[in-house]
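Engineer: Below you'll find the structure I mean.
Only the coordinates and a few stated rules stand behind these numbers; no lab work does. The structure presented is a predicted model; accordingly, all values stated were derived computationally and were not measured. Every residue, glycine as well, gets a Cβ built from its backbone with ideal geometry; the counts of neighbours run over all protein chains shown.
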C-alpha cells in the first residue's frame, strides 16, 4: 500500500479529532466536545469518519473499496486530491 494513503488517512483523523464525540467530562450533560455549532447528526457522522480514518491510518493494507472511501472522505472534507 502506498505510504501516502496512510498519511492521508492520518491527516483526516487528526482533522476529524476536533469533532470527536468522546469526552472525559461525560458527567456534565452540557459538556460538548468538538465544534459546538454542528448538529448531533453531523457530529456523529464526523465521529464515524474519524474512527474509519484511524483504522486506515493504522492499516497495513487497504482494499480497493477502502481506497475509494478514503478518496471520497478526502473530497467531503475539502482535502485536495491534486
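Engineer: Starting from the 7 Å offset along Cα-to-Cβ, what nm value, one decimal, do you get for the label separation of residue 55 and residue 17?
Structural biologist: 2.0 nm
Engineer: Treat the count of other C-beta atoms within 10 Å as a stand-in for reagent exposure and order 5, 45 from fewest to most.
Structural biologist: Values: 5 18, 45 15.
Lowest count first: 45, 5.
Engineer: Next up: Find how much the distance from residue 42 to residue 71 grows on full extension, using 0.36 nm per residue of separation minus their present alpha carbon separation; answer in nm with one decimal. List each step's numbers first, then the result.
Structural biologist: Values: separation 29, 0.36 × 29 = 10.44 nm, distance 1.93 nm.
My answer for the length gained is 8.5 nm.
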